[in-house]
């Protein structure tokens, strides 16, 4: 046992109805270290943090903190703050309409003898706190005047000023640009040097290697391992996160051989969307299946949203079948023959209260225009055709979509796009959260469609799935397209590319 | 039993049931409520009254239903817009600043179209604020709620403009030789036009898609903003139509009283029709039944001799009952009770 351990969490188990979110997970935070907590989506990072900060009550397990007697069991974030555990979330939860000073001291304002708020003292103190983090700003300005980065610093300052010994940063960098990230890191290093233990949750590998000392990897709610940054090169980290040990990697046979010499369908030249995706070039041929890979948050969804026009591209140009596209809204790309299955099925795909039939014909109807209603008989025919073809399990075509299971909902949304007979189909995580059988069906369907001459852009967190279906892969990292792999598509190569760097 | 359950599960069951209940009360209290007679060549009777007087609320409810469905908000300006449309029409017909007239300056149809167009303009204004500028519907329509009546007064030079021109009364009263009040025809016409429009174009599906999930609707290729705008536009036009009927009834533009508090009845009609004020799925027929239910309650109270001052109290109580019965919490409570009873009876057996 090292004696500089600040927080130790052992055997933490937490279950939600039907799901084991944490399965005997553990985490050790030492004084004066920046500790990265890594794992894919759903690995249990947020859950273990929420168990620590009192948002959730754990089912079992022990939490000890240096200087606090016995097994700690926080029931609210207030409890956690009292013993010195502070959390800063991705979304800043401060009041934008109050001044920086007010935000820092809200609820514990310095008082004058008469019991009124001592504004002068408060502003002076605020200035001192911010200066302590080497950030010189006017603390009497309202918070909304400052960038997200500064707002985050204020949130951190507020946490630190309340005698925090452990600071938890939950994906603080996802909405920051490079310079702002740099600022944040400086503050983090300062705090580390003062002996604060910092838990840093992020999806960006680069940042882990830049600022962290130690890494804990989680997968499927369980602890995978704790490593020092030096002993865990990127490729091993990715392997640990994805649960593939390098030695076990069996080469997966590539079943598809797409036409590498077909005519070019779509060319993107320097397209970008500020804050989400840096300028990228992209090309896809007729009948080709191209995968876009990278860790979550690496910009893979943002790239296809930009191509499709769900987020309007702010630079460059897009050419389809030799014709330059002017896409203002998704309807323009639909008219040009694109279809896009969004990754967030619930928020961007399903229209839950509408029937299966209405959901299927929606995009086709939108393309035809309001005054060219598809006759009801035709609608029924289309709906029935896809229900049969994709074997969608539904009581009837008039059942509300929300009553179907996730996998069947996904099939309905896929049917919506197939009904428009697109030339280019973009599938963002079509297999997420659906059962194995349906997954295989969808993969087979992609290959079949490509065989019929449809071009498909395919995004998946599961590399095997992409290896099976794609003939080429684009690699994304930190909001940027960093390369393409068009030969020797193996898990090892892809993971190396995702990890990037030289080590 | 199973069949009964099927019937009660229908969305339209409760609105119809409520209307039926109101009528039933009348049947016991005073069967003459249902009597219809012909005096001076026109139909008279409480039922005719309900159908006649309920016209404005029904027309407003048609537009309000679309607004609620698409934006999960309400257009509270419709009553004021009615008044503005009426004032506009009277100004155009009488000429600006004229207090009372028996000859009209422009053809009647132009005056009426002007009024309806004014309603449409107000709807477009509301629509632009909500759809383009993303202002909350309640706040956006609050502007015209307060301003429209005042603008109407300006149109009429701060006085009540009377149009003592016989054909102007047709719209709100009777056509010569026709025993049925004209507003009933106007309402039927509005309902048929809107229903046909919803049925023959894809607008109905579009409105529901946007109302349920506007992000997903956009990605599926719908112009969410435009669809939202159109609903407010239609709502404004409906308010204009209702204003014409209301003004024609009293052959004047009484800016302060036309359409007063009608927005509340219109919103209530939508709710009574079993439509969620949270937007999404809507049922036009339900709203229309709701509108006539409200009017039936009002007429019943008047028939029972409840004074007009006290009538709102009784109305409020009835409305509370109806809304509670329709609420999901009440329904699930009822469901649980039934399940419990079923379990108990099984145990006993």
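Summary of values
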read-out: Positions within segment B:89-108 being within 25 Å of residue B:238 (Cα to Cα) and touching a strand residue (DSSP E or B) at 6+ places or on another chain (Cβ under 8 Å), in sequence order; value: B:89, B:90, B:91, B:93, B:94, B:95, B:104
read-out: Flag if residue A:448 is surrounded by fewer than 21 Cβ atoms within 10 Å (Cβ to Cβ) and assigned to a helix (DSSP H, G or I); value: yes
read-out: Any hit, segment B:205-212, residues being within 30 Å of residue A:332 (Cβ to Cβ), within 14 Å of chain A (Cβ to nearest Cβ), free of Cβ contacts under 8 Å to residues at least 40 places away in the same chain and surrounded by fewer than 24 Cβ atoms within 10 Å (Cβ to Cβ); value: no
read-out: In segment B:216-228, residue surrounded by the fewest Cβ atoms within 10 Å (Cβ to Cβ) [restricted to those that are within 13 Å of chain A (Cβ to nearest Cβ) and in a helix (DSSP H, G or I)]; value: B:226
read-out: Matching helices (runs of 4 or more DSSP H) fully within segment B:252-349 where at least 3 residues are at pLDDT below 80 and either surrounded by fewer than 23 Cβ atoms within 10 Å (Cβ to Cβ) or in contact with a helix residue (DSSP H, G or I) (Cβ under 6 Å, 6 or more places away or on another chain) (or both); value: B:311-326, B:328-348
read-out: Residue in segment A:394-405 that is more than 14 Å from chain B (Cβ to nearest Cβ), under 30 Å from the mean Cα position of the chain (by Cα), over 19 Å from residue B:201 (Cα atoms) and surrounded by fewer than 19 Cβ atoms within 10 Å (Cβ to Cβ) present; value: yes
read-out: Residue count for segment A:343-377, restricted to those that are within 7 Å of chain B (Cβ to nearest Cβ), under 24 Å from the mean Cα position of the chain (by Cα) and part of a helix (DSSP H, G or I); value: 3
read-out: Odd one out for residue B:162, checked against (1) more than 25 Å from the chain's Cα centre (by Cα); (2) more than 14 Å from chain A (Cβ to nearest Cβ); (3) assigned to a helix (DSSP H, G or I); value: (3)
read-out: Evaluation of residue A:306 against (1) modelled with pLDDT under 90; (2) within 14 Å of residue B:219 (Cα to Cα); (3) more than 12 Å from chain B (Cβ to nearest Cβ) (one fails), failing number; value: (1)
read-out: Any hit, segment B:76-96, residues being outside any helix (DSSP H, G or I) and crowded, with 16+ Cβ neighbours inside 10 Å; value: yes
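The values are calculated or read from the model by the stated rules, or taken from the named source; none is laboratory data. Fair warning: this is a prediction, and the values are worked out from it, not measured in the lab. We place every Cβ from the backbone using ideal geometry, glycine too, and count neighbours over all the protein chains shown.
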